[in-house]
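A.B. asks: The structure is given below, and queries will be raised subsequently.
The values are calculated or read from the model by the stated rules, or taken from the named source; none is laboratory data. Remember, predicted model here, so these are calculated numbers, not experimental data. When we count neighbours, we look across all protein chains shown, and the Cβ atoms used for this are built from the backbone with ideal geometry, even at glycine. For the accessible areas, the whole protein counts, side chains as well, though only heavy atoms, and no ligand, DNA or RNA atoms are used. Shrake-Rupley method; radii C 1.70, N 1.55, O 1.52, S 1.80 Å.
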Number of protein chains: 2
Amino acid sequence: MNIDDMLAFAKAKGFFWQSAEIYGSAAGLFEYGHLGALLKRRFEAVWLNYFVDSGEDYYLIEGATMMPEKPLVASGHASRFNDILVGCSKCHTYYRADVLLAENKVTVSEGANAAEMDEAIKKNNVKCPKDKGTLLPAKSFNMMIDVSLGPEKADTGYLRPETAQSAYLNFFRQFNILRKKLPLGLAVIGKAYRNEISPRQGLYRMRELTQAELQLFFDPENWKLDLNTVTKKKMTVVPYQTKEAEQLTPIEVVAKYKIPEFYAYHMGLIYQFYTEVLKIPHEKLRFLEKGGDEKAFYNKVHMDIEVDVESWGGFKEVGGLHYRGDYDLTCHSKGSNQDLSVNIDGKKVMPNVLELSFGVDRNVWMLLDIFYKKEQERSVLKLPLALAPYQVAVFPLQKDATIEKESESLYKLLKKNFKTDFDSSGSIGRRYARMDEIGTPFCITVDYETVDSKAKGYGSVTIRKRDDKTQERIKVDDVVEYFSKAYGVV
Amino acid sequence: MNIDDMLAFAKAKGFFWQSAEIYGSAAGLFEYGHLGALLKRRFEAVWLNYFVDSGEDYYLIEGATMMPEKPLVASGHASRFNDILVGCSKCHTYYRADVLLAENKVTVSEGANAAEMDEAIKKNNVKCPKDKGTLLPAKSFNMMIDVSLGPEKADTGYLRPETAQSAYLNFFRQFNILRKKLPLGLAVIGKAYRNEISPRQGLYRMRELTQAELQLFFDPENWKLDLNTVTKKKMTVVPYQTKEAEQLTPIEVVAKYKIPEFYAYHMGLIYQFYTEVLKIPHEKLRFLEKGGDEKAFYNKVHMDIEVDVESWGGFKEVGGLHYRGDYDLTCHSKGSNQDLSVNIDGKKVMPNVLELSFGVDRNVWMLLDIFYKKEQERSVLKLPLALAPYQVAVFPLQKDATIEKESESLYKLLKKNFKTDFDSSGSIGRRYARMDEIGTPFCITVDYETVDSKAKGYGSVTIRKRDDKTQERIKVDDVVEYFSKAYGVV
């Protein structure tokens, strides 16, 4: 699939589409339909379960998305959260300078400033792609979206550019309410906002996005994690220096990259999450090390989590693992005039931060891309069970009052614990096909045999499995247990 | 509790507090801490389960919170979503005119315009409460928060003032993707934004709030609901005309108020949700009918859902039930030049809307207010089981390696399916007290008897119940089943 195929599929089935489409759509804004909302929530739930609920002293919090100006001045966003913009002198279309240069096969370093962009544009004679107009001088453009509050609109602020800031701003209170121990993890799942110059590639570059981020606050001198308790498999890592992919275990990463053990440990965790929970094939996942100008100056170690996504044309960033040092709490200590260091066993510690950051929308897109398969006779969305929007569908095979009644009561029973759909229209083949395409792992068919067997003291139904199309006959009384087992409910 | 008591409690325990507090706090913005985030999510989950998952053809969707200008011009928000504002000529403090008048015991109709407010202010000699300054002429003030997007900030829009608009804008696509049948329900749980002039009363009037809203689209000539399938209990209803509370069943409401049966049916559903799911006592819940200038002109029937909340000083709005006619889709048909009417069995229908609207933050506050009890020897948060932030806590009674090991393994087992806390510090009484105050319904104590009984082939633990403080001894092997039953898991 390419981007347009994916957008057409997502729109036709009810996953997502551009906002305000009856008004001609709004750039960079998307709506999740009934299936997209389910899939997005399932991703958030497995993420939460894997990274937060399984941790000791890791907690989910929720912060406001509007923030006053001061903390975002202190964090550096007001001055440094910029893209370099170039506009066409004729049609006044604007482009992100780095993206436009890349499209013209010109490479500049990721941290290039406006003057360097201008130089590269001039040297390579880059013009406006629309009308070949000369480009105006590049300029720095802050990507935060500002808001003005209060009766005189005098309280200026911003929509948060990342959920991370909610965790940093609440660290001190949470630390003191909780056990006053490090490490402490604060997770936020929520919206972040960026005035992207040219939003594009579906859910890749959005103006309103959902992030799932876990900020781990710790004492760098006292955080020992046992690398023997995390995956021992080799992961694909692309180093900044050579750009040549290599296969390394977390233990080998420590030795080779001279990075802290806690960092390699979390690479292992992330690897497990992608390959074991999300079932992404090993060869489609890699860590891309960022260095030099590519990484934010405050990051001590920075790797992007990349997945090979066909519709995006290759490996693309879906998350990141960032060792941010004590940058964040030091900034906010200065900005707020409040010392955010903590006392651990009599020692004063300015907590360091390890950030696990995931773009929820990007991961949703990635999952659809990876698991949507066109097979000989059908299209099927082979999502892992934990991510399937609908968990079960119930079909009455024939138009018959008794069958319909049985189906209805089974549907109502299952609905209490599983996300269940009901479909009585069209041929059974058509109904299977519909469920295959939206990823429903199991279909239950109620037929005359159900009614007959019920007369004999038990009722039986057919369960048909999405992935291998096999069917099995089980007793109605065993249905709930069957799915409890399949979905790992108590 | 009064408002300050509640804020102090919520802050001390980890429920919620004002945003950016290390920077001196931001008016009208709140953060949910680790317990608040849990409680808020539990409210959202029971709401979703009750109103959406239980319905036929009711779906949760998720829309962007930033919207272009056009739909909000079409919906009337750009011109009519106004409050009347008065400012002090001396100190330039601004007030909502109706609130200031109410505080001075002056009543004006809810729809009063600026001139009428001025008249009331003059007549009653109302001054600035801060410095007794003369008030400047009242003016209309639009409560939407505007955003400017794009490289030239030329794409103007707003943060959505209500989640409802996301449902209206997506109705047409969802109708066509789904079964092309009415009624169709579209629910949204998400943020809405309002530039409140004087945010106050904790989570009552916020600039960024969470709504849970269900929009039911239907054909008014063809929506029959059986009033015999909803509560037959008498509900408290306060009619617009007499303002005198009366006790009526949904069937009696239809007869007395001449309102549609589908409306009374949903009053019944809401009554059941509050009294049976949230366990709000009958006498603390009422429907307040709005009429005349009090209700939006497009609402055919409008009742506020009110709960008697001590810290807010009496009955306050926590939700509403609004029969909006075909106002919304008609507006958006005109605004978008796209006919949003649908074809049902050959008949052209402009769907009507029944809106079930709930303020999530207000309900969270209300729940804490209602269920926090100061008893003789303890403070206890007697939240219904379905709403308790933590479901179980595990305590090792003595400092003993075997006991600690047993506790750890029980904790890890329970954690897989229940939100479980672990506490090993302080006396057992102190630990119970901590759990009582945050509403944990069950505490499990592991002691020497656990270890001894395990040596005999079974292990036993003590389960202590929050509400009546009773204890019982059960086998470790039965613990999971015990809680599965208590929490209604399969």
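A.B. asks: With the Cα gyration tensor of the stretch A:253-373 giving a ≥ b ≥ c as the square roots of its eigenvalues, does the rule (a/c under 1.5 for rounded; else a/b larger than b/c for prolate; else oblate) give rounded, prolate or oblate?
C.D. replies: Numbers: a/c = 2.34, a/b = 2.07, b/c = 1.13.
Verdict is prolate for the stretch A:253-373.
A.B. asks: Across all directions of projection, what mean area in square nanometres is found for the Cα convex hull of chain A?
C.D. replies: On the way: hull surface 116.0 nm².
Averaged projected area of chain A's Cα convex hull equals 29.0 nm².
A.B. asks: A further question follows. Among B:L288, B:Q241, B:V230, which residue has its Cα positioned farthest towards the positive end of the charge dipole of chain B, with +1 placed on the Cβ of Lys and Arg, -1 on the Cβ of Asp and Glu, and the dipole taken about the Cα centre?
C.D. replies: B:L288
A.B. asks: Right, something else. Please name which of B:N142, B:P129, B:I84 has its Cα lying farthest along the dipole of the stretch B:84-142 towards the positive end, using unit charges on Cβ (Lys, Arg +1; Asp, Glu -1) and the Cα centre as origin.
C.D. replies: Farthest along the dipole direction, towards plus: B:P129.
A.B. asks: OK, next. Interface A/B, total buried accessible area with a 1.4 Å probe, nearest 100 Å²?
C.D. replies: Values: alone 23430 and 23440 Å², together 39700 Å².
Adding both sides of the contact gives about 7200 Å².
A.B. asks: Set the Förster radius R0 to 35 Å, insert the Cβ-Cβ distance between A:A255 and A:A296 as r into 1/(1 + (r/R0)^6), and round the FRET efficiency to 0.05.
C.D. replies: On the way: r = 26 Å, r/R0 = 0.73.
Efficiency for this residue pair is about 0.85.
A.B. asks: Please give the length that would be gained between A:D5 and A:S148 if that part of the chain were fully extended, namely 0.36 nm times their separation in residues minus their C-alpha to C-alpha distance (nm, one decimal).
C.D. replies: On the way: separation 143, 0.36 × 143 = 51.48 nm, distance 3.96 nm.
Working it through step by step, the gained length comes to 47.5 nm.
A.B. asks: Need one value: the accessible area of A:F9 in square angstrom, 1.4 angstrom probe, rounded to the nearest 10.
C.D. replies: 20
A.B. asks: Let me cross-check B:V277: its accessible surface, 1.4 Å probe, with only protein heavy atoms counted, in Å² to the nearest 10?
C.D. replies: Counting only protein heavy atoms, B:V277 exposes about 40 Å² to solvent.
A.B. asks: Roughly how big is the protein assembly as shown's charge dipole about its Cα centre, with Cβ charges of +1 (Lys, Arg) and -1 (Asp, Glu), in debye to the nearest 20?
C.D. replies: Numbers: 136 positive and 136 negative charges, 14 e Å.
In debye, rounded to 20, the protein assembly as shown gives about 60.
A.B. asks: Let me ask another. Report in % the part of the accessible area of chain A that belongs to carbon and sulfur, leaving out ligands and nucleic acids; probe 1.4 Å.
C.D. replies: In chain A, the share of accessible area belonging to carbon and sulfur is 48 percent.
A.B. asks: Where does the protein assembly as shown land on Rg(C-alpha)/(2.2 N^0.38 Å)?
C.D. replies: Details: Rg = 29.2 Å, N = 980, 2.2 N^0.38 = 30.1 Å.
Working it through for the protein assembly as shown, the quotient is 0.97.
A.B. asks: OK, next. When each copy gets a label point 7 Å from Cα toward the beta-carbon at A:F297, what are the spacings between them in nm, shortest first?
C.D. replies: 5.8
A.B. asks: So, by mean Cβ neighbours within 10 angstrom, what's the order for B:214-225, B:128-139, A:184-195 with the highest one leading?
C.D. replies: Working: B:214-225: 18.3, B:128-139: 15.5, A:184-195: 23.2.
Final packing ranking: A:184-195, B:214-225, B:128-139.
A.B. asks: Could you work out, residue by residue across B:54-60, how many beta carbons of other chains sit within 10 Å of that residue's beta carbon, and then give the average as an integer?
C.D. replies: 3
A.B. asks: Could you sort the residues of the stretch A:9-50 by number and keep only those whose accessible area is reduced by 30 Å² or more in the all-protein-chain setting relative to the chain alone, 1.4 Å probe?
C.D. replies: Relative to the lone chain, where solvent access is computed with a 1.4 Å probe, the stretch A:9-50 loses at least 30 Å² at A:K11, A:W17, A:A20, A:E21, A:I22, A:Y23, A:L29, A:E31, A:Y32, A:H34, A:A37, A:R41.
A.B. asks: A follow-up question, please. Measuring with a 1.4 Å probe in the full set of protein chains, what accessible area per residue, in whole Å², belongs to the protein assembly as shown? Spell out each step's value before the answer.
C.D. replies: Details: 39700 Å² over 980 residues.
Counting only protein heavy atoms, the per-residue value for the protein assembly as shown is 41 Å².
A.B. asks: Using the Cα centre of the stretch A:390-487 as the reference point, and only Cβ charges (+1 on K/R, -1 on D/E), how large is the resulting charge dipole? Debye, rounded to the nearest 20.
C.D. replies: Working: 18 positive and 17 negative charges, 34 e Å.
Using Cβ point charges on Lys, Arg, Asp and Glu, the stretch A:390-487 gives about 160 debye.
A.B. asks: Positive end of the charge dipole of the stretch B:390-487 (Lys, Arg +1 and Asp, Glu -1 on Cβ, about the Cα centre): tell me which of B:V461, B:F418, B:I474 has its Cα farthest that way.
C.D. replies: Checked the options; the winner is B:F418.
A.B. asks: Please report the net charge: other residues with Cβ closer than 10 Å to the Cβ of B:G28, K and R +1, D and E -1. Before the final figure, lay out each step's value.
C.D. replies: Numbers: positive: B:R194, B:R200, B:R205, B:R207; negative: A:D155, B:E196, B:E208.
Residues near B:G28 contribute +1 overall.
A.B. asks: If you don't mind, there's one more thing I want to ask. Rounded to two decimals, what is Rg over Rh for the stretch B:390-487 when you use alpha-carbon atoms and the Kirkwood radius? Write down the numbers at each step before the final one.
C.D. replies: Details: Rg = 12.3 Å, Rh = 13.2 Å.
My calculation puts Rg/Rh at 0.93.
A.B. asks: What number comes out for the charge environment of B:S54, summing +1 per Lys or Arg and -1 per Asp or Glu over other residues with Cβ under 13 Å away?
C.D. replies: Details: positive: A:K412, A:K415, A:K416, A:K419; negative: B:D53, B:E56, B:D57, B:E276.
Every neighbour counted, the sum reads 0.
A.B. asks: Another question, then. List the residues of the stretch A:146-189 whose accessible area drops by at least 50 Å² when all protein chains are present, compared with their chain alone, using a 1.4 Å probe and counting only protein heavy atoms.
C.D. replies: At a threshold of 50 Å² (probe 1.4 Å), the residues of the stretch A:146-189 that become less exposed are A:L149, A:P151, A:E152, A:K153, A:L169, A:N170, A:R173, A:I177, A:R179.
A.B. asks: About its Cα centre, what dipole magnitude does chain B give when the only charges are +1 on Lys and Arg Cβ and -1 on Asp and Glu Cβ, stated in debye to the nearest 20?
C.D. replies: For chain B, the charge dipole is close to 320 debye.
A.B. asks: Would you kindly calculate the translational diffusion coefficient of the stretch A:171-221, applying Stokes-Einstein with the Kirkwood radius from alpha carbon pairs, for 4 °C and a viscosity of 1.567 mPa s, and quote it in µm² s⁻¹ without decimals?
C.D. replies: Working: Rh = 13.4 Å.
Reported coefficient: 97 µm²/s.
A.B. asks: At what distance in nm do the modelled label points of A:V99 and B:K475 sit from each other, each positioned 7 Å from its Cα along Cα→Cβ?
C.D. replies: Inter-label distance under the simple model: 6.3 nm.
A.B. asks: I would also like to ask the following. I want to check the label-to-label distance for B:S379 and A:R80. Put each point 7 Å from Cα in the C-beta direction and report it in nm to one decimal.
C.D. replies: Spacing of the two 7 Å Cα→Cβ label points: 4.2 nm.
A.B. asks: Roughly what % of DSSP beta bridges within the stretch B:359-445 run antiparallel, to the nearest 5?
C.D. replies: On the way: 3 of 10 bridges.
So the antiparallel bridges amount to about 30 percent of the total.
A.B. asks: Considering only the stretch A:343-490, what is the antiparallel percent among its DSSP beta bridges, to the nearest 5? If you can, show how the numbers build up before the last one.
C.D. replies: Numbers: 14 of 22 bridges.
Beta bridges within the stretch A:343-490, antiparallel portion: roughly 65 percent.
A.B. asks: I've got another one for you. Can you check what the Kirkwood hydrodynamic radius comes to for the stretch A:1-97, Cα pairs only, in Å to one decimal?
C.D. replies: Numbers: mean 1/r = 0.0560 Å⁻¹.
Result for the stretch A:1-97 stands at 17.9 Å.
A.B. asks: Just to compare against my own numbers: the Cα pair-distance distribution for the stretch A:84-142, 10 Å bins, whole % per bin, please.
C.D. replies: 27, 62, 11
A.B. asks: Would you kindly state how much longer the chain becomes between A:V451 and A:E56 on full extension, computed as 0.36 nm times their sequence separation minus their alpha carbon distance, in nm to one decimal?
C.D. replies: Details: separation 395, 0.36 × 395 = 142.20 nm, distance 5.09 nm.
Additional length available on full extension: 137.1 nm.
A.B. asks: Ok, one more. How high is the relative contact order of chain A, in percent, with contacts defined as C-alpha pairs under 8 Å that are six or more residues apart? Working shown, then result.
C.D. replies: Numbers: 888 pairs, mean separation 61.0, N = 490.
Relative contact order of chain A: 12 percent.
A.B. asks: With the Cα gyration tensor of the stretch A:113-265 giving a ≥ b ≥ c as the square roots of its eigenvalues, does the rule (a/c under 1.5 for rounded; else a/b larger than b/c for prolate; else oblate) give rounded, prolate or oblate? Please report the intermediate quantities before stating the final value.
C.D. replies: On the way: a/c = 2.70, a/b = 1.26, b/c = 2.14.
It comes out oblate by the Cα gyration axes.
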